[in-house]
Amino acid sequence: MSEKEDLAKQKAEAAAKAKAVALARKKAKEEAAEKPEGEMDIAKQKAEAAAKAKAAALARKQAKAETAEKQEGEMDIAKQKAEAAAKAKAAALARKQAKEETAEKQEGEMDIAKQKAAAAAKAKAAALARKQAKAEAAEKQEGEMDIAKQKAAAAAKAKATALARTQAKAAAAEKPEGEMDAAKQKAAAAAKAKAAAAAKAKAAAAAKNRTAVQESEEVDTPSEISPNQSKLDQIVSAIESHVGQGALLENYINRLSKDVPTLVANPDTYFSIAKFLRYDEQLDFSYLSELHGTDFESHMEIYVHLHSFKMNQSVALKVKLDRDTPVIPSLVPLWSGANWPECEAYDLLGINFYEHPDLKRILLGEDWKGYPLRKDYEPYDVEV
């Protein structure tokens, strides 16, 4: 209820009270005029008492009405507040539902988009597969055509050869018998010469390969200088100065083994060179990392790989041995790490290292026949 309505009610109530009071006074005057003075006083008193009682009753009634209206107004306000709260709650719930519906819609649209993308990818993959299948089919057909061409060419050659043979036979039939024998002899001689030339070429190639293997030349020397060439020159110069000019048969840079300087020793100077490499203060090759033997059919070879921590340099020492009597000094007195590798070379190749502290077979039994790493090795018991 607004303030104007409250003000209007209050004015109406005040007017009603004034009217009631005026009416009560008028009646009291009329009754007093009719009655004697004593009665008039009593009547006045009664009238006044009645008027007061009536006014009091009217005031109580109005107070109750105002209280009821006030409570009703407060109830209306509470109702309005409750309604407003309910509306706000409903609006919030509606907004929440709208957001959820929007999210679900977007998710649904995303799922649809994903499905469309997946379908597009499948379609693209299928198209690519069809394209590849067509290309493969075309290549296959082209290959089959090439094969057919090759077959046709081969058939044509065979036909031409057969025709040539037929013509040769016909020509031979027309020639005298003496001429035929001469032609046969010439053909036989030509065939023999051709076979001999092929055999010579094959033998030359085999000899060339065998020589290359025997000489153990890993790679031709390239035009550029190796970064280890100066180290090799230093080592060779020191060996020739202290051991002798003929101590080394060969020296080179092994390009296929990280440019390691390689020394090929004379069997007579093998141990002296190894000892010099081990104990020379400038060289100091104190670490033996590898030792093994190899059968090259024409000879045996020992390969020793050494490293100098002082020079921060590695070097390979090789020596070629007679295959029938492969005997060489042991390096165990210089490097204890040569012990087992020399036993292994003895066990599998039959190389004898004299002055070895305990040379024995370490992989095979002492009663084993032969040396398995030799190229001509045949098992004693072929069934094993």
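The values are calculated or read from the model by the stated rules, or taken from the named source; none is laboratory data. Every value quoted in this text rests on a predicted model; they were computed, and no experiment measured them. Don't worry about glycine lacking a Cβ; one is built from the backbone with ideal geometry, like all the others, and counts go over all protein chains shown. Heavy atoms of the whole protein, side chains included, go into the accessibility calculation; ligands, DNA and RNA do not. Shrake-Rupley method; radii C 1.70, N 1.55, O 1.52, S 1.80 Å.
Taking the Cα centre of the range 245-368 as the origin and placing charges on Cβ (Lys, Arg +1; Asp, Glu -1), which of I362, N251, V332 is farthest toward the positive end of the dipole?
Highest projection toward the positive end goes to N251.
Taking the Cα-to-Cβ direction at E48 and at S289 and moving 7 Å from each Cα, how far apart do the two end points lie in nm?
About 14.0 nm separates the two model spin labels.
Could you provide, to the nearest whole Å², the per residue accessible area of the range 248-300 with probe 1.4 Å?
Heavy-atom accessible area per residue stands at 48 Å².
Ranked from highest to lowest mean number of other Cβ atoms within 10 Å per residue, what is the order of the peptides 360-370, 267-277?
Result, highest mean first: 267-277, 360-370.
Peptides 15-22, 308-315, 348-355: what's the order by average Cβ count within 10 Å, highest mean first?
The packing order, highest mean first, is 348-355, 308-315, 15-22.
Pull out a ≥ b ≥ c, the square roots of the eigenvalues of the alpha-carbon gyration tensor of the range 254-301, then state rounded if a/c is under 1.5, prolate if not and a/b is larger than b/c, and oblate in the remaining case.
Cα axes put the range 254-301 in the oblate bin.
Amide H of R323 versus every other amide H placed in the peptide plane: which residues, excluding those fewer than 5 positions away on the same chain, fall under 5 Å?
Long-range HN contacts for R323: M300.
If amide H atoms are built 1.01 Å from N in the plane of the peptide, which residues on other chains or at least 5 residues away come under 5 Å of the amide H of E250?
It is V264, by chain and number.
Of all the accessible heavy-atom surface of the range 318-384, with the other protein chains kept in place and a 1.4 Å probe, what percent is carbon and sulfur?
Exposed carbon and sulfur together represent 50 percent of the surface.
Over all directions, average the projected area of the Cα convex hull of the range 323-384 and note it in nm².
Averaged projected hull area, Cα only: 4.6 nm².
Between D358 and K375, what length in nm is gained on full extension when 0.36 nm per residue of separation is reduced by their alpha carbon distance?
Between D358 and K375, full extension yields an extra 3.5 nm.
Applying the Karplus parametrisation 6.51 cos²θ - 1.76 cosθ + 1.60 with θ = phi - 60° to the phi angles of the range 256-265, what ³J(HN,Hα) value in whole Hz is obtained for each residue in order, glycine and proline being reported as x?
Karplus-based 3J(HN,Hα) across the range 256-265 equals 7, 10, 6, 6, 6, x, 10, 10, 9, 8 Hz.
Where does each of 46-58, 317-329 land if you order them by average Cβ count within 10 Å, highest first?
The most tightly packed comes first, giving 317-329, 46-58.
Under a point spin-label approximation (7 Å from Cα along Cα-to-Cβ), what is the A22-K116 distance to one decimal in nm?
Inter-label distance under the simple model: 8.5 nm.
Whose amide H sits under 5 Å from the amide H of Q313, counting only residues 5 or more places off or on another chain, with H placed in the peptide plane?
S308
Can you work out the Karplus-derived ³J(HN,Hα) for every residue in the range 270-282? Use 6.51 cos²θ - 1.76 cosθ + 1.60 with θ = phi - 60°, whole Hz, and x for glycine or proline.
4, 5, 5, 5, 4, 5, 5, 4, 6, 10, 5, 5, 7
Note down the nm distance, to one decimal, between modelled labels 7 Å out along Cα→Cβ at D324 and at S336.
Spacing of the two 7 Å Cα→Cβ label points: 4.0 nm.
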